[in-house]
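Nothing in this text is a laboratory measurement; each read-out follows from the coordinates by a stated rule. These numbers come from a predicted model, not from an experiment.
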Amino acid sequence: MNSTQAARAPLHQRVRRKAERMFGPAGIFFKGFVKHPVMVGAIVPSSRRTIARVLSKVDWERCDLFVEYGPGVGTFCQPVLDRLRRDARLIVIDTNPDFITYLARTIGDSRFIAVHGSAADVESIVRQHGYDHADYVLSGLPFTTLPEGVGPAIMAATQRVLRPGGAFLVYQYTARARALMSRYFHRIDKGFEPINVPPCVISWGWKD
Ligand SMILES: C[S@@+](CC[C@H](N)C(=O)[O-])C[C@H]1O[C@@H](n2cnc3c(N)ncnc32)[C@H](O)[C@@H]1O
């Protein structure tokens, strides 16, 4: 966009672009939290230590499709793309259209697909993109504050969409979501990352 087109853009778009330039991804994330605190559930993105720890159990050679729920401003997206095979895909799903627009604009990688929608619809989203199943699903969703019934629906859909041997990688700020997870995943590995705001509880649920 040249300077004349930029000057003609509606005021809210100009203000948003200026905020993005001034505050970067953290500003977009914080704005998302202010607009939808219950759905976002955190005020700062995950730390690098959390990212490395959560992804440490992925077998990248056996990963054709990696799905992420609630990417926010994409804290995990580039680290996942850095590890992903060249012929594999990353599909991210978020209910917040501002985050999806931001990600689609800032991540220029042909393996990356950003979908505006709910994680509860993961099976149809995966099918629409030509896959039968996902190898790994990563979630930063705030399970404990999601609307009634949404958490169980997402857990059940995730269990169905994973291939046998695949895993659901979940990072949360409390261990409460593990009780819900254990209804759908019988083998759960447990971890904890203190260098995160707030410290982070990690669960890897394996599909039998
Ligand atoms: C804690 S933030 C994620 C933070 C980010 N992944 C990180 O590592 O910094 C939670 C995200 O989940 C999204 N979200 C909430 N409910 C959702 C749902 N049902 N399906 C997909 N995304 C959802 C929110 O819009 C928000 O982007």
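For this structure, a couple of remarks:
- 3J(HN,Hα) from dihedral phi, the stretch 98-113, Karplus parametrisation 6.51/-1.76/1.60, rounded to Hz, x for glycine, proline: 5, 5, 5, 4, 4, 5, 4, 7, 9, 9, x, 9, 5, 8, 9, 10
- Across the stretch 42-206, C-alpha contacts under 8 Å between residues 6 or more apart give a mean separation that, scaled by the residue count, equals a relative contact order of 23 percent.
- Shape category assigned to the stretch 42-109 from the gyration tensor of Cα positions, a/c cut at 1.5: oblate
- Shown in residue order for the stretch 56-67 are the 3J(HN,Hα) couplings computed by the Karplus curve 6.51 cos²θ - 1.76 cosθ + 1.60 at θ = phi - 60°: 5, 9, 7, 8, 5, 5, 9, 10, 8, 9, 10, 10 Hz (x for Gly and Pro).
- Cα shape, the stretch 42-206, gyration tensor, a/c 1.5 rule: rounded
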